[in-house]
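*Asks:* Take this structure, written in structure tokens, and hold onto it; I'll ask about it next.
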Amino acid sequence: MLSPVEWTALAVSLKVASAALVLMVVPGVPLAWLLARREFPGRLFLDASTSLPLVLPPVVTGYLLLWLLAPAGPVGGWLHRRLGFDLVFTWQAAAIAAAVVAFPLFLRTFRTAIESVDRGLEEAAANLGASPWRIFATVTFPLARHGFVAGALLGFSRALGEFGATILVAGNIPGRTQTIPLAIFSLTNSRELSAAWPLVITVSTLSFILVAVADRSSRRGRPR
Amino acid sequence: MIELDLHLQRPEGFVLDLTVSSSAGVLVLYGPSGSGKTTVLDLISGSLRPEHGRVRIEQTTLFDSTSRIDLPPRRRRTPRVYQEGRLFPHLTVRANLLYGADSGEGMDEVVEMLELAPYLHRKPAELSGGERQRVAVGRALLTRPRAVLLDEPLASLDRPLRLRILPALKTLRERFQIPFVYVTHAVEEALALGEEVVLLDEGRAVAQGPPAEVLAHGLKAPTPAMTAHDTLMEVVVDAHHPDEGISDCRWGGVRLQASLLDAAAGSRVFLALSSRDVILTRRRPDGLSARNAPAAVLTALDEGDSNRVLARIRLDGSPPQAAELVVMLTPQSVREMELRPGVPIVAIFKASALRPVLIDRKG
């Protein structure tokens, strides 16, 4: 059903989305906990700036990322000088773009789950001698795990479908940075519109399953 | 030894000002809701910080504002047993019990004494209220605590269950020799467990001492929640008359008859008498159906408000330290009967008006 080029696009998509997921979860878990449970200066700023990609046009997010990551940019320049490595137009850049755009979905879902955990249980754990880290690992996280799973699935789905920011920082190089949405874009530009159907159906089905599972998971986590 | 010196002003206007020192095994904080009982536990466990003061348990300072000592809650070793249990819902009973334990030491004993063996592999949601509270007590004891803080742990249970758990709690505490600070507004819990009772009212300690004394005094405490209450009498059971459904009791030199009591002759029982259940007459009437008509003296009249008067009376022959009986009257009755302090009087109440509050089977 899919051509070899299209299979490659699917593989690139899965690779990019998986890497993006890791990039989301690693800072996302502590950040969700901080925003849900702690008061600190700059909290409002952090809250707003991590939610920004949700409402910003992905092209704008991509533009800002391109400025950051370009060989002359603040982050890209440092990488270029120190490691001789250029991020722009690599699949890693696509993963970063997807991670930034999808981050708010993971963060908000997991954070809401943490907020719904009874603080009284955390207080009880502290009175039983548990450290903050142990409380998170043994009480908060296990009770918010459905939100973690739902957020990860939503973030992964969003990363899978990322287009606007990706095309700016990673280009549209078949076999390297061309993900399914980019491949669909190319097909609609070059050939007949109907040639994109197999990819459209593939990505729709995949996203449908992921979102359905995510929804089920967050429902199960809701306090009865 | 627990030493508390706590001063706290909450933004809502509540002021706590409390100095308590006690070496009792079970220190009961007793008082109406809003009197600051739970706040005291929050201050001991470190959930709240007093403006100034001191918290010491067995020579260890947990908080001291002058020397700037403020141990975080997890280092205080003052686990709490909450009214609603707060067991970890995702963990089994076994994992809950061991949550704060360094080792499994004492586990077998706790499981046996609290009769938890059949439930070890269940989740809290599969337990009854009483089972959950037993797990919560066990979980606290296994942390090798300095003191266990119990906040109305039995309040959500029905009365028969409460009365069954009380002796187990007492035995367990005596076995582990860990001080309990026990918050309650149930007289029977205070009587059954308390070696010492602190009566709290509006953030202050109104009285401190042995339970029977303090709780009887409590009836004189100046809040509406406490005055209209019962009078508490610690009586000795003399004999039972099952055919008549009556038990003979003695309160000092006063002979009383109560509905049949489930207690051995010679044992001590606490009986409560509501101020609404007592009738006063100037002379003992003929042909009376009520079983109790002891002679008494009116000691004081408190004008409660425009339509009720609280009369305090002392029964002839009642124990020297015993509380006076409080009787609620209308101002009209006071006028018509020409009641004033010093007047001899007869107090009339039914056998069934004497309600057993707590029966100590150990006698």
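The values are calculated or read from the model by the stated rules, or taken from the named source; none is laboratory data. On a predicted model such as this, the values are computed, not experimentally measured, just so you know. Every residue, glycine among them, receives a Cβ derived from its backbone with ideal geometry; neighbour counts consider all protein chains shown. These area figures cover heavy atoms from the full protein model, side chains too; ligands, DNA and RNA do not enter into them. Shrake-Rupley method; radii C 1.70, N 1.55, O 1.52, S 1.80 Å.
*Asks:* Would you say A:Arg111 is crowded, with 21+ Cβ neighbours inside 10 Å and more than 10 Å from chain B (Cβ to nearest Cβ)?
*Replies:* Against the criterion (crowded, with 21+ Cβ neighbours inside 10 Å and more than 10 Å from chain B (Cβ to nearest Cβ)), A:Arg111 qualifies.
*Asks:* Still on this structure, please answer the following. Which residue out of B:Met337, B:Met328, B:Met233 is out of contact with any Cys (no Cβ under 6 Å at 6 or more places or on another chain), open to solvent by less than 20 Å² (accessible area, probe 1.4 Å) and in contact (Cβ under 8 Å) with a residue 24 or more places away in the chain?
*Replies:* Of B:Met337, B:Met328, B:Met233, the one residue that is out of contact with any Cys (no Cβ under 6 Å at 6 or more places or on another chain), open to solvent by less than 20 Å² (accessible area, probe 1.4 Å) and in contact (Cβ under 8 Å) with a residue 24 or more places away in the chain is B:Met233.
*Asks:* Okay, next question. Looking at the range B:97-112, is at least one residue over 16 Å from A:Gly129 (Cβ atoms), in contact with a Pro (Cβ under 6 Å, 6 or more places away or on another chain), open to solvent by less than 30 Å² (accessible area, probe 1.4 Å) and not hydroxyl-bearing (Ser, Thr, Tyr)?
*Replies:* No: zero hits.
*Asks:* State all residues of the range B:166-185 that are open to solvent by 20 Å² or more (accessible area, probe 1.4 Å) and under 15 Å from the mean Cα position of the chain (by Cα); if no residue qualifies, say none.
*Replies:* B:Pro167, B:Lys170, B:His185 - these are the residues of the range B:166-185 that are open to solvent by 20 Å² or more (accessible area, probe 1.4 Å) and under 15 Å from the mean Cα position of the chain (by Cα).
*Asks:* Follow-up question, since we're still on this one. So, B:Arg134, is that one within 13 Å of chain A (Cβ to nearest Cβ) and of a type in the set (Lys, Arg) or not?
*Replies:* The answer is no for B:Arg134.
*Asks:* Among the listed residues B:Val93, B:Val148, B:Val110, which satisfies the condition of being away from chain A (no Cβ under 11 Å), out of contact with any Ser or Thr (no Cβ under 6 Å at 6 or more places or on another chain), under 17 Å from B:Arg175 (Cα atoms) and among the β-branched types (Val, Ile, Thr)?
*Replies:* The unique qualifying residue is B:Val110.
*Asks:* In the range B:31-39, is there at least one residue being part of a loop (DSSP other than H, G, I, E, B), among the β-branched types (Val, Ile, Thr) and either touching a residue at least 40 places away in the same chain (Cβ under 8 Å) or open to solvent by 40 Å² or more (accessible area, probe 1.4 Å) (or both)?
*Replies:* Taking every residue of the range B:31-39 in turn, none turns out to be part of a loop (DSSP other than H, G, I, E, B), among the β-branched types (Val, Ile, Thr) and either touching a residue at least 40 places away in the same chain (Cβ under 8 Å) or open to solvent by 40 Å² or more (accessible area, probe 1.4 Å) (or both).
*Asks:* Could you list, in sequence order, all residues of the range A:128-148 that are open to solvent by less than 20 Å² (accessible area, probe 1.4 Å) and more than 9 Å from every other protein chain (Cβ to nearest Cβ)?
*Replies:* Matches in the range A:128-148: A:Thr140, A:Ala144, A:Gly147.
*Asks:* Quick one: would you say B:Leu62 is outside the structural domain of B:Glu202 (by TED's automatic domain parsing) and hydrophobic (A, V, I, L, M, F, W, C)?
*Replies:* no
*Asks:* Going through the range B:96-107 one residue at a time, which ones are within 11 Å of another protein chain (Cβ to nearest Cβ) and of a type in the set (A, V, I, L, M, F, W, C)?
*Replies:* B:Leu97, B:Leu98, B:Ala101
*Asks:* Here is a follow-up. Name every residue in the range B:56-90 that is free of Cβ contacts under 8 Å to residues at least 24 places away in the same chain and either at positive phi or more than 14 Å from every other protein chain (Cβ to nearest Cβ) (or both), in order of residue number.
*Replies:* Residues satisfying the conditions are B:Thr61, B:Phe63, B:Asp64, B:Ser65, B:Thr66, B:Ser67, B:Arg68, B:Ile69.
*Asks:* Which members of the range B:189-206 meet the condition of being outside any loop (DSSP other than H, G, I, E, B) and of a type in the set (D, E, K, R)?
*Replies:* The answer is B:Glu189, B:Glu196, B:Asp201, B:Arg204.
*Asks:* How about the range B:313-347: which of its residues are assigned to a loop (DSSP other than H, G, I, E, B) and either closer than 15 Å to B:Leu256 by Cβ or out of contact with any strand residue (DSSP E or B) (no Cβ under 9 Å at 6 or more places or on another chain) (or both)?
*Replies:* Selection gives B:Asp316, B:Gly317, B:Ser318, B:Pro319, B:Pro320, B:Gln321, B:Ala322, B:Ala323, B:Glu338.
*Asks:* Pick from the range A:114-127 the residues that are surrounded by fewer than 21 Cβ atoms within 10 Å (Cβ to Cβ), in a helix (DSSP H, G or I) and not acidic (Asp, Glu): which of them is farthest from the other protein chains (Cβ to nearest Cβ)?
*Replies:* A:Arg119
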